[in-house]
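The values are calculated or read from the model by the stated rules, or taken from the named source; none is laboratory data. Note that the structure is predicted; figures quoted are calculated from it, not measured. Please note: Cβ atoms are built from the backbone with ideal geometry, for glycine as well, and neighbour counts cover all protein chains shown.
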Amino acid sequence: MSSPSLTESTLNIGSRVGRYFGLVSMLPALFLVLWSAVLAASGAWHGPPHPDWIGPRVGSWSITGVAWLLLASLATGLFLHPLQFAMTQVLEGYWGHSRAAQVLLRIRIRHHRKRLQATQDMVTWIDDRIDVQIAEQLSQLRDDDPASLTGKTVEQQQRVILHSEYGNNLGGLLAAGESADHATDRYPEMDRIMPTRLGNALRREEDRAGQQYGINTMLTAPHFALVSAEKHVQYLRDTRQQMDTSVRLSVVSLLGTLEAVACLLTDGWWLLIALAPYSLAYLAYRAAAAAADEYTTAVKTVIDLNRFALYESLNIQRPRDTIEERKTNKALMRLLESVPDGKPVNLIYRNPAAGTPSTGAAPPTPPGTP
């Protein structure tokens, strides 16, 4: 009787947690617990592992054993869940200010600065090669068919080359140039470079998102989460969940790597088994960096679509154009920072309709008004 009740209790607890916890916390925790169970079943904690022991021992698990496995996964997930923000920051490259951290930060930031500079140099070289080859192809086309270039501007002549057989040899350079441009675009400004790939992907959009409107994304993110349309918030939540899941899977895989090293350190070639969770950690980390691109794109989209909802919720007069919007947002950002600097911030609030309390809802717009 105890086995079914334990299983039922475990599953009931799991059904009460949210979808976010189930995907972001429970699945990576289950992987870590299963990895630990497989190592224990192989006898790796007591000597060289015996792979032939794994099948019989795992296959003999009872319902109680499976229930305890699920319960251990749930406990591990609950323990790791509050650490999600800290884990993300570690993978971003926020490593503190100790001497050791300073050395590591200096090494990794120097690496990414050199990598960015090398990529920028490659972009310049590729652009120069494209210009040279286009000039050579134009010279040849003028000899073969001068009428095809008559009366065309330089840009139009280049387009003729790229769309004709004369441009066949340029395909590789053009593709390489786009790839190099994309690699360069993954970095923030040189003085803002972070020590990790994930940190640079997030830092880049922290600096860029909302900049065209004069909006500080980090400052207004909680506000947008409250005023945005539900489907926009859900879209943002889904992309963040993908990134968090990849981060969590990368961290638990690293823990699995450390566990394997601790078990197999003195067992010779068996130590290579630790490469399995380490490879998964690397792949999950690259997936987290890719998911960060999608997440930051969602952040920018939410700002684009909901910035007027933010103004209305704050009862701020709606700007007439982007020039007025940037001017208003400059004062609004200072106001939201809540940091007294001795300079008063003056904003114009919308006047509520006659007889209507100011609730933040937009007043009726007369026909023809932009």
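Only a single criterion out of (1) among the aromatic types (Phe, Trp, Tyr); (2) modelled with pLDDT under 80; (3) under 21 Å from the mean Cα position of the chain (by Cα) is not satisfied by Trp53, namely (3). Residue-level check: of (1) more than 22 Å from the chain's Cα centre (by Cα); (2) more than 30 Å from His50 (Cβ to Cβ); (3) surrounded by fewer than 18 Cβ atoms within 10 Å (Cβ to Cβ); (4) not acidic (Asp, Glu), Ile316 misses just (3). For region 49-69, what are the residues that are in contact (Cβ under 8 Å) with a residue 60 or more places away in the chain and either surrounded by 14 or more Cβ atoms within 10 Å (Cβ to Cβ) or polar (S, T, N, Q) (or both)? Pro49, Thr64, Ala67, Trp68, listed by residue number. Of the candidates Thr119, Thr64, Thr124, Thr76, the single residue that is under 30 Å from Thr266 (Cα atoms), hydroxyl-bearing (Ser, Thr, Tyr) and either under 29 Å from the mean Cα position of the chain (by Cα) or in a helix (DSSP H, G or I) (or both) is Thr76. Screening Ser279 on (1) without any contact (Cβ under 8 Å) to a residue 24 or more places away in the chain; (2) under 24 Å from the mean Cα position of the chain (by Cα); (3) surrounded by 19 or more Cβ atoms within 10 Å (Cβ to Cβ) shows it passes everything except condition (3). Filtering region 185-237 to residues that are exposed (fewer than 14 other Cβ atoms within 10 Å of the Cβ) and part of a loop (DSSP other than H, G, I, E, B) leaves Glu189, Ala229.
Scoring Tyr166 on the criteria (1) surrounded by fewer than 16 Cβ atoms within 10 Å (Cβ to Cβ); (2) modelled with pLDDT under 85 leaves a single failure, condition (1). Are any of the residues in region 112-127 exposed (fewer than 14 other Cβ atoms within 10 Å of the Cβ) and farther than 30 Å from Gln211 by Cβ? Scanning region 112-127 turns up no residue that is exposed (fewer than 14 other Cβ atoms within 10 Å of the Cβ) and farther than 30 Å from Gln211 by Cβ.
Beta carbons closer than 6 Å, at least 6 apart along the sequence or on distinct chains, pair a first residue in region 166-177 that is closer than 20 Å to Ser139 by Cβ with a second that is at pLDDT 80 or above for Leu170/Gln133; Leu173/Ile126; Leu173/Arg129; Leu173/Ile130. Among the residues of region 256-312, count how many are hydroxyl-bearing (Ser, Thr, Tyr), farther than 30 Å from Lys231 by Cα and part of a helix (DSSP H, G or I). Within region 256-312, residues that are hydroxyl-bearing (Ser, Thr, Tyr), farther than 30 Å from Lys231 by Cα and part of a helix (DSSP H, G or I) number 4.
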